[in-house]
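Here is the structure we will look at, set down as structure tokens.
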Amino acid sequence: MVLDIVEYPDKRLREKSKEVKSFDSELHTLLDDMYETMMSESGIGLAAIQVAKPIRALIINLPDEEGNQDKENLLEIINPVIVEKEGEIFYQEGCLSVPNFYEDIKRFEKVVVNYQDREGNTKTLEAEELLAIAIQHEMDHLEGILFIDKLSYARRKKFEKEYKKFQRERKQKNTKKSA
Ligand code: Y12
Ligand code: CO
């Protein structure tokens, strides 16, 4: 089932997500629904809080060299902890909860993450470049942090203005459509 995505400036995105303790069918259904939701919106990563579930779960499905998002490459990451980090990388990030806005953000270039899978098995993942960026972006969501929080004061001000305009125009378009 495709779920509604919580969008900035909704306060729910600021909640700190709670540790997952039950690796049951409810969690599995949520992960399946998150996947459907992410794919329906052309996303490559989604945290549970973005569908209003404040638990420490996230999914990532990066495209391969041909640009195909193969479900075989889907990562379901529960209760992640970064145990090693190094380097620096800039990448133009976007977020399904902050539509129509992209900005260069600085992240660690490599991270090592301990996490659990949907069955509760403990795993370790060594990630670099785009995967490392996606993990850090999604893990920020678990703390209530958005990539726009990392912008300079001036850039954030510009973003707020542009975003309000985007929201206004989208609302107008939708009102016209339903008239
Ligand atoms: C690198 C940088 C950021 C991430 C986090 C995951 N971000 C996304 O999955 C963003 C998806 C996204 C998709 C959009 O829709 C289309 O492109 C059709 C989009 O477009 C609009 O909002 C209009 C914005 C963001 C992982 C790795
Ligand atoms: Co995001």
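The values are calculated or read from the model by the stated rules, or taken from the named source; none is laboratory data. If you're wondering where the values come from, they're calculated on a predicted model, not measured in any experiment. When we count neighbours, we look across all protein chains shown, and the Cβ atoms used for this are built from the backbone with ideal geometry, even at glycine. Heads up: the accessible areas ignore ligands, DNA and RNA and are worked out on the full protein's heavy atoms, side chains in. Shrake-Rupley method; radii C 1.70, N 1.55, O 1.52, S 1.80 Å.
Using the Cα gyration tensor of the range 1-41, with a ≥ b ≥ c the square roots of its eigenvalues, what is the shape: rounded (a/c below 1.5), prolate (a/b larger than b/c) or oblate (neither)? Don't skip to the answer; put the middle values down first.
Values: a/c = 3.29, a/b = 1.14, b/c = 2.89.
Oblate, because a/c is 1.5 or more while a/b does not exceed b/c.
Determine the equivalent ellipsoid of the range 11-151 by diagonalising the alpha-carbon gyration tensor, then write out the semi-axes as square roots of 5 times the eigenvalues, largest first, rounded to whole Å.
On the way: eigenvalues 86, 59, 53 Å².
Whole-Å semi-axes of the equivalent ellipsoid: 21, 17, 16.
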Size of electric dipole in the chain: Cβ of Lys, Arg +1 and of Asp, Glu -1, about Cα centre, debye, nearest 20: 1580
FRET E, pair E128, Q172, Förster distance 41 Å, beta-carbon r, rounded to 0.05: 0.45
Burial order of peptide ranges 96-105, 148-157, 109-118 (average beta-carbon count within 10 Å, highest first): 109-118, 96-105, 148-157
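What is the extension gain from E84 to A179, computed as 0.36 nm multiplied by their sequence separation minus the C-alpha to C-alpha distance, in nm to one decimal? Don't jump to the answer; show the numbers that get you there.
Details: separation 95, 0.36 × 95 = 34.20 nm, distance 5.41 nm.
The span from E84 to A179 would gain 28.8 nm if fully extended.
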Positive dipole terminus of the chain, leading residue within N174, I89, L13 (C-beta point charges): N174
Carbon and sulfur %, accessible surface of the chain computed with the full protein complex present, 1.4 Å: 47
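Taking only protein heavy atoms and a 1.4 Å probe, what accessible area per residue, in Å², does the chain have with all protein chains in place?
Normalised by residue count, the accessible surface of the chain is 59 Å².
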Helical segments meeting 15 Å axial Cα length and Kyte-Doolittle -1.0 threshold in the chain (DSSP H): 25-40, 129-142
Added length on full extension, which subtracts the Cα-Cα distance from 0.36 nm per residue, D149 to E41: 36.6 nm
Mean separation of Cα contacts under 8 Å (6+ apart) over length of the chain, as relative contact order %: 21
Mean ellipticity per residue at 222 nm, deg cm²/dmol - from DSSP H runs of n ≥ 4 across the chain, formula -39500 (n - 2.57): -10500 deg cm²/dmol
Under 20 Å from the H28 label point (7 Å along Cα→beta-carbon), backbone N, the range 99-119: 116-119
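Check the range 46-147 and count each lysine pair with an alpha-carbon distance under 25 angstrom, considering only pairs eight or more places apart or from different chains.
On the way: K53/K71; K53/K123; K71/K110; K71/K123; K85/K106; K85/K110; K85/K123; K110/K123.
Lysine pairs meeting both conditions in the range 46-147 amount to 8.
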